[in-house]
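Trainee: One structure, pasted below without further comment.
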Amino acid sequence: MMKNLLEKIKGFFKRMNEKVNTKRLLIAFVLTLAVGGIALSLVDYALNSEDAAGFSISSGTEYQVMEYENNVLMVNNEGMSLVDKEGTTLWNVPLPITSPMVFIEDEYILLIDARGKTAHLYKGDKEVSFALSENEILTASLNKKGYFALVTSETGYKGKVAVYSKKGEEIFNWHSGEGYISAIDLSDKNILAVSQVRTDNLLSRVMGINVRSGKEVFTFDKEAVIFASLSFGEDGEVVALSEKALVGISKSGKERFSVDLRAMDIKYYDIKGENIIIASEGPLNNTVINRYTRRGRARKAMECEEDLQNISSYGDKLAGTYKDVLAFVKPGRKIVPYVNLNQDVKNICFFNRGRNVLVVGSGRASIYRTK
């Protein structure tokens, strides 16, 4: 999913003529984008390997897996399916897409082609609407009301954002002429946050725009960073993440806090929940998990003995893999191993409100129950 987006971003920077260290810029941008994806959390329950359910999946394709209505949604370039805790397929939607990227908010599923021009909005297995853009889609955002925004390339500009109603009607569009678009988020109140990267002096400008009126709500500038992820909070504030800093932005565009991340080698993050989590490489080939409130207050960090991979979560639960082990981390504890895995692991995902975890490998998926 992210690989295709990164190829597009690299193409953008390749065409730049500004005097900037493009290689360094790209490395930083790739780092921040590559670590994003599914939400993180902390596990409080032991896994019982005796309760595993296994089933075959298509080999040779990459799956995106996310919780949807207490079950787990599995998406690849052939379509999407919903699987319950027993490993039973509840429904299947064949939908060939070259480079699928999926977004979920409450009952809505947005499935876009990150190498193409199509966006599909679903409620369960029923398609609600369809949108076709003029240019290739780079990324998107979805809110709980079913409204969605698409970022596309645009001739004569450095990017475009179009916002659609849940009926698939374009209700707003905005063109960027000053900087390349690195991240967006669409709030439930239809406020669009857009981060532009200006390379002449390496500055990120985050703009808030009211989709209904088209008026600018706020503007916030931060030097020497490239924001790769934005997240609205319930009170309208925005949390922005780059490889160098975690920044809080008020709904009026003031800086609420700034956490220096330059000492961290970030490998995974979640900035959407009430507790922000950033997992990074530790000094001893291990993993350190840092936690912050949405006000930027640091909570106690957790240091793991091992190098955790495939990190995933739900609520206060965090799990990952190392070697051939599925493990979890408790606050104040180190890694606690629970399941010896007999398969390779591509990714994992909590679902069923954190009661189950799905482990996806090559040609096989397994489900474990937490207790």
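Only the coordinates and a few stated rules stand behind these numbers; no lab work does. Computed from a prediction, not measured in an experiment: that's the story for all the values here. Quick reminder, even Gly has a Cβ in these numbers, built from the backbone with ideal geometry, and neighbours come from all protein chains shown.
Trainee: Would you mind calculating the gained length between ASP324 and ASP235 on full extension (0.36 nm times residue separation, minus the Cα-Cα distance), in nm to one decimal?
Mentor: Length gained between ASP324 and ASP235: 27.8 nm.
Trainee: With a 10 Å Cβ neighbour count serving as the proxy for reagent exposure, in which order, fewest first, do ASP188, ASP307 appear?
Mentor: Lowest count first: ASP188, ASP307.
Trainee: Less than 13 Å Cβ to Cβ from ASN71, Lys/Arg counted +1 and Asp/Glu -1: what total charge do the surrounding residues give?
Mentor: -3
Trainee: Figure the gain on full extension for GLU78 and ASN135 (residue separation times 0.36 nm, minus the Cα-Cα span) and round it to one decimal in nm.
Mentor: Once the chain is fully extended between GLU78 and ASN135, it gains 18.3 nm.
Trainee: Separate question: Cut-off 19 Å, label point 7 angstrom out along Cα-to-Cβ of THR89: give me the residues of segment 340-371 whose amide nitrogen falls inside.
Mentor: Those under the cut-off are 358-367.
Trainee: Under the 0.36 nm per residue contour assumption, what length would be gained going from the current alpha-carbon distance of ARG299 and SER258 to full extension?
Mentor: Roughly 13.3 nm would be gained on extension.
Trainee: Just flag the GluC sites (Glu not before Pro) in segment 235-318 sitting in loop per DSSP whose Cβ has no more than 15 other Cβ atoms within 10 Å.
Mentor: GLU274, GLU305
Trainee: Further question: For a quick check: sort SER250, SER280, SER242 by the number of other beta carbons within 10 angstrom, fewest at the front.
Mentor: By the 10 Å Cβ count, ascending: SER250, SER280, SER242.
Trainee: How would you rank LYS145, LYS126, LYS222, LYS189, going from fewest to most other Cβ atoms within 10 Å of each one's own Cβ?
Mentor: Going from least to most buried by this count: LYS126, LYS189, LYS145, LYS222.
Trainee: Provide the FRET efficiency to the nearest 0.05 for the GLU223-SER56 pair, computing r from the beta carbons and using R0 = 56 Å.
Mentor: Efficiency, rounded to the nearest 0.05: 0.65.
Trainee: What is the ratio of the Cα radius of gyration of segment 110-200 to 2.2 N^0.38 Å, with N the residue count, to two decimals?
Mentor: Normalised Rg, Cα atoms only: 1.05.
Trainee: Which entries in LYS160/LYS267; LYS272/LYS346; LYS167/LYS189; LYS222/LYS254 show an alpha-carbon gap greater than 20 Å?
Mentor: LYS160/LYS267; LYS272/LYS346
Trainee: Taking the Cα atoms of segment 252-356, what is the range of coordinates along each of the three principal axes, in descending order and whole Å?
Mentor: So the extents along the principal axes, rounded to whole Å, are 51, 34, 25.
Trainee: To continue, here is another question. Give the Cα extents of segment 218-300 along the principal axes, in whole Å, largest first.
Mentor: That gives 42, 27, 17 Å along the principal axes, largest extent first.
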